[in-house]
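Worksheet for the structure shown next.
Nothing in this text is a laboratory measurement; each read-out follows from the coordinates by a stated rule. These numbers come from a predicted model, not from an experiment. In this analysis, Cβ positions are derived from the backbone assuming ideal geometry, glycine residues included, and neighbour counts consider all displayed protein chains.
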């Protein structure tokens, strides 16, 4: 007999060789019908994998992220089989699950896959799924695995296998299909009821631009057709809200091939929006005791070697800049924190001077692969709302909680109310990923967890998601479409102060090491604005939107009065435009609606006689004829209801 511990702490005995499905059946038939994956002793297993020792078991259904991952990974096998049958000579590479669905990278012998081929691929994949074929794992020797793929001429699988140790290699079989795979599948193909191929794209093998370009087939699947239909409707809405589309329509930003990929150019309206976001945060930071600093866009390579960023991010950095001086190298700044450490180092501090809170809207640069660039969400140059707090050990908890308050204020003022706090800690099984001592890591992790508890946050702990120099707390925000994004991060760091030999004089007149807190409520201005665009659909909060009102004269006779109204609006600090083009009012209104302008102020002869404006809200609501002062009061009330003082 073996003892199985369930998530609620219950311990049950089962015969050796029992499976996760046997355990599910012993609990209830309903659970057994819904279980599609499992984790045993922290390793993902099949529901039919024999359990031969005592351990902890977690059962996953479609409702769990881990269950979805197994579901989508299994579907990638089904789609891979369909591709093999439809495209003779195709070479399969890898097919993982991703946040929403899966992809499979393939090397086509000739031709290409286009959206016209999607229905054929889906039909073939569903035919395979309906066969209810069992997913079965089996161990394979390295020699046999190499022999299989060498005989098929698949150099990609051969390369993968050559990097694996003998005794760790497994194949997954279903129907007549076999693939190199670590595992993590649903019981059988029949559970998949709906499959959709979403898109195709180019992808370099192993993400290396110097290696062959493959075809990446993206897809998604569901256990019910209804869920696929709902997902596709959500996708259509997401297309309407795509920040690249809205950014172009609202004239916020653009890109230029001459300037370079991944380097956004901010147009006047976008620059003004960024400026308001910066001023909004600067005002709150000033109240919270932050001091603004400015650091250069480059630094000597040695600076980032000292910080550890060069070792960890060197491959993602731009090539070093060599000066005429022999051996002198600079890098485009990948992070602001090393510069802020040197700012702290510019003079001695006592414990009475701490905490020191340095803030900067600092632009940093990372060399992202061209295929990974995506609008404003993945760029090569971006501005972080960075700040670093240098404090004593007994100040850490309070400072961390203060940063949580600031982050919640930022998210709340911008309409992000639905979020979970994620505490990202190190993976103790992979110490090579991190710098610093285990003792300091434990202190930092405990500080974050204690602060999250003290603030009553709904938080989860994610192992292995920490930064290389310290654990962090991320705000995982759901947008209007239910998609989850990471917005805002707070990190506790014992390591960089040691690497830069930062000290302060304590009350005992001895030198002590400060603790460093990294924080960025926006994260990056580019990514934050992109997500805000998609969350709001371009209907920004009234305090932030570039143009709050537009004056629309009915005819040329009313233009002088319209100009008077515009000046009155400006005197009331309402950002407004005047549209005095020789176009119909109807056309002007339609264009103002498309530009998401909150208030359309129509002025005709009656308005001029009564000294009023006829107000139409974005969306069509008619507020009737009111004075400019009444509109100013309405704007102030709406802004104050969303933008509370910090």
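List the equivalent ellipsoid semi-axes of segment 1-72 in whole Å, largest first, each obtained as the square root of 5λ for an eigenvalue λ of the Cα gyration tensor.
19, 12, 11
For segment 138-286, evaluate the Debye formula with one uniform point scatterer on each Cα (no solvent term) and list log10 I(q)/I(0) at q = 0.11, 0.17, 0.19 Å⁻¹, rounded to two decimals.
Results for segment 138-286 at q = 0.11, 0.17, 0.19 Å⁻¹ read -0.80, -1.12, -1.23.
Rounded to the nearest 500, what is the chain's calculated 222 nm mean residue ellipticity when only DSSP H runs of at least 4 contribute -39500 (n - 2.57) each, over all residues?
Working: 20 runs with 227 residues, N = 646.
The helix contribution divided over the chain gives -10500 deg cm²/dmol.
Would you work out the Kirkwood radius for segment 429-521? I mean one over the mean of 1/r across all pairs of different Cα atoms, in Å. Show your work: numbers first, answer last.
Details: mean 1/r = 0.0671 Å⁻¹.
When all Cα pairs of segment 429-521 are included, the Kirkwood radius is 14.9 Å.
Say each of residue 244 and residue 373 gets a label point 7 Å from the Cα, pointing the same way as Cα to Cβ; how far apart are those two points in nm?
Output for this residue pair reads 1.1 nm.
Just subtract the alpha-carbon distance of residue 235 and residue 152 from 0.36 nm times their residue separation and send over the number in nm, one decimal. Working shown, then result.
Numbers: separation 83, 0.36 × 83 = 29.88 nm, distance 3.82 nm.
Gain on extension, residue 235 to residue 152, equals 26.1 nm.
Note the full-extension length gain between residue 622 and residue 420 as 0.36 nm times their separation in residues minus their Cα-Cα distance, in nm to one decimal. Don't jump to the answer; show the numbers that get you there.
Numbers: separation 202, 0.36 × 202 = 72.72 nm, distance 3.83 nm.
So the chain would gain 68.9 nm between residue 622 and residue 420.
Under the Kirkwood approximation for Rh and a Cα-based Rg, what ratio Rg/Rh is obtained for segment 4-43? All intermediate terms of the calculation are to be shown ahead of the outcome.
Working: Rg = 10.0 Å, Rh = 10.8 Å.
Rg/Rh for segment 4-43 comes to 0.93.
Please work out how much length the chain gains when fully extended from residue 206 to residue 429, using 0.36 nm per residue of separation minus the C-alpha to C-alpha distance, in nm with one decimal. Please report the intermediate quantities before stating the final value.
Details: separation 223, 0.36 × 223 = 80.28 nm, distance 2.41 nm.
Full extension of this stretch gives 77.9 nm more.
I need the calculated FRET efficiency for the pair residue 405 and residue 86, taking r as the beta carbon distance and R₀ as 56 Å, to the nearest 0.05.
Numbers: r = 56 Å, r/R0 = 1.00.
Result of the calculation: an efficiency of 0.50.
At a Förster radius of 30 Å, what calculated FRET efficiency corresponds to the Cβ-Cβ distance of residue 463 and residue 227, to the nearest 0.05? Don't jump to the answer; show the numbers that get you there.
Values: r = 30 Å, r/R0 = 0.99.
FRET efficiency, residue 463 to residue 227: 0.50.
Along the Cα-to-Cβ line of residue 511, 7 Å from the Cα, sits a label point; which residues in segment 311-352 have backbone N less than 18 Å from it?
Once the point is set 7 Å along Cα→Cβ of residue 511, 341-352 turn out to lie under 18 Å by backbone N, inside segment 311-352.
Mean shadow of segment 265-536, computed from the convex hull of its alpha carbons, in nm²?
Working: hull surface 63.6 nm².
Spelled out: convex hull of the Cα atoms, projected over all directions, averaged, 15.9 nm².
Obtain the nm distance between the two label points defined at residue 351 and residue 275 by a simple spin-label model: each point lies 7 Å from its Cα along the Cα-to-C-beta direction.
My value for the distance between the label points is 4.6 nm.
Percent of Cα-Cα pairs per 20 Å bin, from 0 to the last occupied bin, for the chain, please list those.
Once binned at 20 Å, the Cα pair distances of the chain give 15, 41, 34, 9, 0.
Between 0 and 90 degrees, rounded to the nearest ten: what's the tilt of helix 118-129 against the longest Cα principal axis of the chain?
Orientation of helix 118-129: about 40 degrees from the principal axis.
For residue 446 paired with residue 582, estimate the spin-label separation in nm (one decimal), with each label point 7 Å from Cα along the Cα-to-Cβ line.
According to this spin-label approximation, the distance is 7.8 nm.
Compute the separation of the alpha-carbon centres of segment 108-137 and segment 173-220 and state it in Å as a whole number.
Rounded to whole Å, the Cα centres lie 10 Å apart.
Kirkwood hydrodynamic radius, segment 198-310, all distinct C-alpha pairs: what's the number in Å? Walk me through the numbers on the way to the answer.
Numbers: mean 1/r = 0.0509 Å⁻¹.
Mean inverse Cα-Cα distance, inverted, gives 19.6 Å.
Just to confirm the number: angle between the C-alpha axis of helix 65-86 and the first principal axis of the chain, 0 to 90 degrees, nearest 10?
70 degrees
Just to confirm the number: angle between the C-alpha axis of helix 225-241 and the first principal axis of the chain, 0 to 90 degrees, nearest 10?
It works out to around 40 degrees.
Using only the Cα atoms of segment 66-241, each taken as one equal point scatterer with no solvent, compute I(q) by the Debye sum, divide by I(0), and report log10 of the ratio at q = 0.17 Å⁻¹.
Log10 I(q)/I(0), no solvent term: -1.11.
Where the centroid of each part is defined by its Cα atoms, how far is segment 332-360 from segment 512-570 in Å?
First find each Cα centre; the distance between them is then 32 Å.
Specify the inter-centroid distance of segment 25-84 and segment 369-443, based on alpha-carbon positions, in whole Å.
32 Å
Could you compute the FRET efficiency for residue 26 and residue 645, with r as their C-beta to C-beta distance and R0 at 56 Å, rounded to 0.05? If you can, show how the numbers build up before the last one.
Details: r = 57 Å, r/R0 = 1.02.
E between residue 26 and residue 645, to the nearest 0.05, is 0.45.
For segment 549-642, build the convex hull from the C-alpha positions and give me its volume per residue in Å³. Don't skip to the end; give the middle numbers.
Details: hull volume 8.3 nm³, N = 94.
Convex hull volume per residue, Cα atoms: 89 Å³.
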